[in-house]
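Every number here is computed from the coordinates shown, using simple stated rules; none is lab data. Treat the numbers as computed from the prediction; the structure is a model and nothing was measured. Note: ideal-geometry Cβ built from the backbone for every residue, glycine included; neighbour counts use all protein chains shown.
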Amino acid sequence: MTNAAPPKSKARTSIGGVLLAAYVVVILFATMWPTPLDQGYGAAIEKVLDVVHRNGVPEWFGYNKLEFSANVVMFVPLGFLAALLLPARVWWLALLICPALSIGIELTQATFLAARFAAATDVISNSIGAVLGILIAVVLRSVVYERDQKVIARALWQHGVRV
């Protein structure tokens, strides 16, 4: 029996890297489009809000809350993938990278896209979403690590290896 560690799987970084790159493209497409994506859909959005209000969502949840929520949801996968791809010891860098991307997007909208509106609330909502995604990734990594430690300990015990 050798004491050499098995090679690390590159599946997490390969798949995660492709997903992160694709998702960043989606975010940039949605945020850098010359006009707001909801432009021309005001009546449809109002109909959706009417339906959700009739089905129990409080009236105070209007367009602004819907937009805020959509911005939160948009950045959850970004935070998750960023934290998952970073090495475990520096996962916290995602807490800096994701809000920095949001700030960059808002500054670009303010500077170069006349029909878009840069807003601090967008940075806040995007950052909340990113933090939620980061927390999910950190918890998932912790659960997997604990499971792996138990599997390793059991395998060593079964093979009579004392540590």
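Modelled label-to-label distance, A153 and Y41, 7 Å Cα→beta-carbon offset: nm?
5.0
Angle check, please: helix 120-158 long axis (alpha carbons) against the longest principal axis of the chain (alpha carbons), in degrees 0 to 90, nearest 10.
It works out to around 20 degrees.
Please give the contour-minus-distance gain from M32 to R141: 0.36 nm per residue of separation, less the Cα-Cα distance, rounded to one decimal in nm. All intermediate terms of the calculation are to be shown ahead of the outcome.
Values: separation 109, 0.36 × 109 = 39.24 nm, distance 3.24 nm.
Gain on stretching M32 to R141: 36.0 nm.
Please state the charge dipole magnitude for the chain, taken about the Cα centre, from unit charges on C-beta atoms (+1 on K and R, -1 on D and E), reported in debye and rounded to the nearest 20.
Here the size comes out at about 1060 debye.
Let me make sure I get this right: for the chain, a, b and c are the square roots of the gyration tensor eigenvalues over alpha carbons, sorted descending. Under 1.5 in a/c it's rounded, otherwise prolate if a/b > b/c, else oblate. Which is it?
Prolate shape, in that a/c is at least 1.5 and a/b is the bigger ratio.
If the cut-off is 25 Å between C-alpha atoms, which lysines fall inside it for K47, apart from same-chain ones fewer than 8 positions away?
Candidates past the 8-residue exclusion: K65.
Sum -39500 (n - 2.57) across every DSSP H segment of at least 4 residues in the chain, then divide by the residue count to get the 222 nm mean residue ellipticity, nearest 500.
One gets -25000 deg cm²/dmol as the mean residue ellipticity at 222 nm.
Counting Lys and Arg as +1 and Asp and Glu as -1, what is the net charge of the other residues whose Cβ lies under 14 Å from the Cβ of M74?
-4
State the answer as a single residue: which of L132, Q149, A115 lies farthest towards the positive end of the charge dipole of region 115-155, with beta carbon charges of +1 for Lys and Arg and -1 for Asp and Glu, about the Cα centre.
Farthest towards the positive pole: Q149.
Estimate the FRET efficiency between T111 and E59 by the formula 1/(1 + (r/R0)^6), using the beta-carbon distance for r and 35 Å for R0, to the nearest 0.05.
About 0.45, to the nearest 0.05.
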